[in-house]
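See below for the structure under consideration.
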Amino acid sequence: MFFGQELLARYELTGGEALIAASDGSERFAESLIKKSSLFCGEVQDFSAFDPGRLLPDFDDSAWEPVRVLPDFETRFCRQSCPCDRVSAVLEPKLLAEREGVRIYDAGENLAGRVRIRSGGGDLSVRYAELYDGQKLDFSSCGGESQIQHDRFLAVPKGREVFPVFRWSGFRFLEVTGKVEEIRVEKLHADLPV
């Protein structure tokens, strides 16, 4: 997935007046901490230049770039008819092995989900697989070595919780490199009746 400098969005609120949020050109933007996100290969987040103050209402964004308003174009918006995905369970993975700063965890079942980690500071790497041979993760069931689900979090402040924002993985086992204070697995799925 490429994150460019264009956004097309329409918001409709239920139970009230219609609201259309559109740019008038007064907005500003800056580069995100998310540098790459691929459904199959993982997400990269870089905290080295991230200022958490940018999330506050009184943040001074004068150094940011102005947005460029694009001409309107014909697009048919369709309401999402499926319930949103949600976290259905939070699991504590079991540590299976630790060698040279690399830890292998077992979530206890094959699932679709993501990992939340409270960082001990520095870089973190998480690779996912459905199989573990007792020595290393086996990626053959998820696309092989050329398509490893691999999330990387760079220059993470100590105590910061990190997780992939735009993707999740199919896995049972995970390999974590870096300093970890806490780790949890979140099962995710569409909120449909079974």
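The values are calculated or read from the model by the stated rules, or taken from the named source; none is laboratory data. Keep in mind the model is a prediction, meaning the values are calculated, not measured. Note that each Cβ is placed from the backbone with ideal geometry, even for glycine, and that neighbours are counted across all protein chains shown. Calculation scope for accessible area: heavy atoms of the full protein, side chains included, ligands and nucleic acids excluded. Shrake-Rupley method; radii C 1.70, N 1.55, O 1.52, S 1.80 Å.
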| request: Using Cα positions and a limit of under 18 Å, work out the aspartates and glutamates in reach of Lys35, with same-chain residues fewer than 8 apart set aside. | output: Glu6, Glu43, Asp46, Asp51, Glu65, Asp123, Asp151, Glu161
| Surface/4 of the Cα convex hull for the chain, nm² | 14.7
| request: Would you look at the GNM of the chain, springs on alpha carbons closer than 10 Å, and say which of Pro157, Pro71, Pro52 moves the most? | output: Pro71
| said: If the elastic network links every pair of Cα atoms under 10 Å, which of Val69, Val176, Val165 fluctuates the most in the Gaussian network model of the chain? | reply: Val69
| field | Simple label model, 7 Å out from Cα along Cβ direction - Ser140 to Arg167, nm | value | 2.4
| remark: With every protein chain kept in place and a 1.4 Å probe, the chain has an accessible area per residue in Å² of 66
| Set of lysines near Lys94 by C-alpha distance (under 21 Å), chain-local residues within fewer than 8 positions excluded | Lys136, Lys179, Lys187
| Does the range 131-194 come out rounded, prolate or oblate by the C-alpha gyration tensor, with a ≥ b ≥ c the root eigenvalues, rounded set by a/c under 1.5 and, if not, prolate when a/b is larger than b/c and oblate if not? | oblate
| note | Subtracting the Cα-Cα distance of Glu92 and Lys35 from 0.36 nm times their residue separation yields 17.7 nm
| Measuring from label point to label point, each 7 Å out along Cα→Cβ, what is the Asp133 to Arg116 span in nm? | 3.5
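Measure off, as a whole percent, the carbon and sulfur share of the 1.4 Å-probe accessible area of the chain, all protein chains present.
That share works out to 53 percent.
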| note | Quick shape check on the range 33-102: root eigenvalues a ≥ b ≥ c of the Cα gyration tensor, a/c under 1.5 is rounded, otherwise prolate if a/b tops b/c, else oblate, and it reads oblate
